[in-house]
Amino acid sequence: MTPTRAQCAARDAADPLHALRAEFDLPAGVLYLDGNSLGALPRRTPGHLARVVADEWGVGLIRSWNEAGWFHRPGRLGDRLGAHLLGAAPGQVVVCDSTSVNLFKVLGAALRLRPGRPALLAERHAFPTDLYVADGVGALRPGTRTVLLDSAAQLDAVLDAGTAAVLLSHVDYRTGELLDMAGLTARIHAAGALAVWDLCHTAGALPVELDAAGADFAVGCGYKYLNGGPGAPAFLYAAARHQEAARQPLTGWFGHARQFDFEPGYRPAEGVTRFLTGTPPILGLAALEAALQVWELADPTAVRAKSLELTDLFLELTADLDVEPVTPREHARRGSQVALRHPDGYAVVQALIARGVIGDFRAPDLMRFGFTPLYLSRADVHDAAGALREVLASGEWRDGRFARRGEVT
Ligand SMILES: *Cc1c(COP(=O)(O)O)cnc(C)c1O
C-alpha cells in the first residue's frame with residue numbers, strides 16, 4: 001500500500017528537519033524539485049547580504065579585507081564546509097571560483113604529481129564541462145591523453161601504470177547513481193594514480209568522508225544543494241599530504257606565499273591557499289555563508305536518511321506510471337535525485353512546471369527530480385507524484401507550447 005497524503009503529512013509533523021522549511025523563501029504554489037540545479041533562497045540570505053554590502057563594503061571599505069576577515073574567507077568557509085559536510089579536516093578546502101575552474105586547477109596539480117604517466121581517465125557520460133576541462137588541462141602537457149570509460153565499472157580494466165589520475169563524479173548528474181568513493185579510491189591508489197572526485201551532486205545531498213576515503217582532490221558546486229545562489233563560488237579540496245608538492249596551473253596573486261610583497265616571481269603559498277588564484281567574490285561568498293549557517297542547523301545523517309525516504313517515496317508513488325526509473329533502487333548507490341525516462345520528457349517537465357511542480361530535463365529523455373530534505377516534505381513529494389500522474393493521464397503535455405525549448409533546460 002502506498003502511503004496516503006495524510007500519512008505523509010503525519011510523518012512530516014514528527015520530523016525534526018521539517019522545521020527548517022521555514023528557513024527558506026519559496027514562492028506559494030511552487031513545489032521545487034530542482035534544488036539539484038539551483039538551490040532555493042534561504043530567508044536569511046538577503047539580510048546577510050544587505051549587511052555585508054552596507055557595513056563591510058559601504059562603511060568598512062578597503063579596511064574590510066582585514067577587519068571583516070574578507071582575506072581569509074575562502075579558507076574559513078572551506079573549513080566549515082569541510083567539517084560539516086565533506087569529512088575534511090581543516091586546511092584542505094577553499095571556496096573559490098567555479099567548479100570548472102577548480103577542476104582545471106586540481107587536474108593540473110594531479111598531472112604534475114604524476115609525471116611520466118600519460119593517461120587521464122574520465123567517464124564518457126560525465127558532466128560535459130568535466131571532460132572539456134580534462135581535455136584543456138591535458139593539452140598543456142605534451143603526450144597526455146584523456147581516456148574515456150563507459151562507466152566506473154570499467155575502471156579495473158583500464159587502470160594501469162600509465163594512469164596519472166582518474167576523474168569521477170560521485171553522484172551522476174543524469175541518473176543520480178552514487179559511486180563507492182572509498183572503494184574506488186583504493187583501487188585507483190593501488191595503480192599508483194590519483195583520485196579526483198566531482199562532488200557537485202554530493203555536497204549537501206549526502207555527507208561524504210573525503211579524508212577517510214583517502215580522496216586526493218575534489219571539487220564541487222556552491223549553487224546546487226548548498227543553496228549558495230546562482231553562480232555561487234565553488235569549492236576545492238586538496239588532501240593535506242599533497243599540498244606541499246602540489247603545483248596548480250592558475251598561479252595568481254591570492255595563491256602567492258607573500259602576496260603583499262608584490263614580488264615579480266611566483267612562489268606558492270603554504271597549504272591549500274596555493275589553490276586560490278584571484279580576488280575572491282566577497283558578495284558571492286557572503287550568500288554561500290548564509291546558506292551554510294542553515295546547513296549547520298541540520299544533522300547531515302538525518303538529512304541523508306530523509307533524502308532516501310523522499311526518493312523512495314517518489315519512486316514508490318510513480319512505480320505504476322508509464323516512465324522508466326533509471327535511478328538505482330539500492331540506497332548505497334543512490335544520490336538525492338530521481339531520474340525518470342520518458343520519450344517526451346521535455347514536454348512532460350514543461351507541463352509540470354506550468355502546474356508549479358519544478359523539475360528539469362536532461363537530453364535525450366531524462367526527467368530529473370531533485371529531493372532537498374531541508375525544504376521538501378513528504379507531503380510535497382506526494383503532491384508532486386500526483387501532479388506527474390495527472391499530467392501523464394490527461395496528456396496535457398502534448399500541448400504545443402510545452403515542446404518549445406528554452407536555452408536552459
Ligand atoms: C553543475 C556541475 C558542474 C558545474 O560547473 P560550473 O563550473 O559551476 O558551471 C560541473 N560538474 C558537475 C558534475 C556538475 O553537476
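Every number in this text was worked out from the coordinates using simple rules, so none of it is lab data. A quick note: this is a predicted structure, and the numbers were derived from the prediction, not measured. All Cβ positions, even for glycine, are placed from backbone atoms using ideal geometry, and neighbour counts span all protein chains on display.
Summary table below
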item: For the chain, average projected area of the Cα convex hull in nm²; result: 20.9
item: Taking N as its residue count, the alpha carbon Rg of the range 82-139 over 2.2 N^0.38 Å; result: 1.28
item: Amide H partners (placed H, <5 Å) of F127, local residues excluded; result: Y173
item: Phi to ³J(HN,Hα) by Karplus 6.51 cos²θ - 1.76 cosθ + 1.60 over the range 201-213, Hz, x for Gly, Pro; result: 9, 10, 4, x, 9, 7, x, 10, 10, 4, 5, 5, 6
item: Least to most buried among C200, C8 (fewest other Cβ within 10 Å first); result: C8, C200
item: Protection-proxy order for peptides 113-126, 140-153, each taking the mean of Cβ atoms within 10 Å per residue, highest first; result: 113-126, 140-153
item: Cysteines in the chain that, by Cβ-Cβ distance, have no pairing candidate under 4.7 Å; result: C8, C96
item: HN-Hα J in Hz across the range 107-118 - Karplus 6.51, -1.76, 1.60, θ = phi - 60°, x for Gly and Pro; result: 5, x, 5, 5, 4, 5, 6, 10, x, x, 10, x
item: Other-chain or far-sequence residues with amide H under 5 Å of F24's (modelled H); result: R43
item: Sum of -39500 (n - 2.57) over DSSP H runs of 4+, divided by residues of the chain (222 nm, nearest 500); result: -10000 deg cm²/dmol
item: For the range 1-112: relative contact order, % (alpha-carbon pairs under 8 angstrom, 6 or more apart); result: 12
item: Value in Å of the Kirkwood radius, where the range 104-215 supplies the Cα pairs that are averaged; result: 13.9
item: Ratio Rg/Rh, restricted to the range 71-295 and using Cα atoms, in which Rh is the Kirkwood radius; result: 0.95
item: Sequence of W65, W295 once ranked by neighbouring C-beta atoms within 10 Å, starting from the fewest; result: W65, W295
item: Cα centroid separation, the range 336-387 to the range 167-228 (Å); result: 24
item: Estimated vicinal HN-Hα couplings, Hz - the range 257-270 in sequence order (Karplus 6.51, -1.76, 1.60; Gly, Pro = x); result: 5, 9, 3, 8, 8, 6, 5, x, x, 7, 9, x, 5, 5
item: Built amide H within the under 5 Å cut-off of L194, gap 5+; result: A165, V166
item: Among beta bridges that DSSP assigns inside the range 71-295, antiparallel share in %, nearest 5; result: 35
